[in-house]
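Beneath this line is the structure, given in structure tokens, with notes to follow.
The values are calculated or read from the model by the stated rules, or taken from the named source; none is laboratory data. As the structure is a prediction and not an experimental result, all values here were calculated from the model. Using ideal geometry, Cβ is built from the backbone for each residue, glycine included, and neighbour counts are taken over all protein chains shown.
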Amino acid sequence: MLAALCVLMVSTCLSSQTTDSSCSTFSGTWFGSFRVVTPDGKSTRDNAVIVLKGDCGHITGSAGSEIDRQMPITKVQVTGNEIDFHMDPMGGLDFQLKRTGNHLKGTANGKVSAVIDVQPAPGLLPHDQLLVV
């Protein structure tokens, strides 16, 4: 009886420790396109590099047009396969991105609007993190 109770308690504890693995899929370096549409309708394309670290409970990161020109992101929120965050540059931009296969796609809105499409780029590291082999 005691053995059966111990097995039941262990299996209950293990099942309660499972986490939502969809959140951890955001962690890493992402590279792709950032297409800006200005209020006058002009469109320009730039690179997008997004670096995310952490898991569901606490994701931090940065974003910019190059790996060595990053600015911090704030107000990170993860819901399932979607991640939202804010950046102060360009008058402030609110990003809404959704994980679709191996892409993060979505928009950024503020004084300008942008369409973002990035993919994992694990080899893209800031110079201070490169390893000499």
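Tabulated data for the structure shown
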read-out	value
Unique match (being in contact with a helix residue (DSSP H, G or I) (Cβ under 6 Å, 6 or more places away or on another chain), surrounded by 15 or more Cβ atoms within 10 Å (Cβ to Cβ) and not acidic (Asp, Glu)) among 36, 78	78
Residue list for segment 108-121, restricted to those being touching a strand residue (DSSP E or B) at 6+ places or on another chain (Cβ under 6 Å), over 10 Å from residue 32 (Cα atoms) and surrounded by fewer than 18 Cβ atoms within 10 Å (Cβ to Cβ)	109, 110, 112, 113, 115
Residue satisfying condition, being crowded, with 16+ Cβ neighbours inside 10 Å, under 15 Å from the mean Cα position of the chain (by Cα), at pLDDT below 95 and β-branched (Val, Ile, Thr), within set 50, 73, 59	59
Test: residue in segment 84-99 that is under 17 Å from residue 29 (Cα atoms), surrounded by fewer than 13 Cβ atoms within 10 Å (Cβ to Cβ) and in contact (Cβ under 8 Å) with a residue 40 or more places away in the chain	no
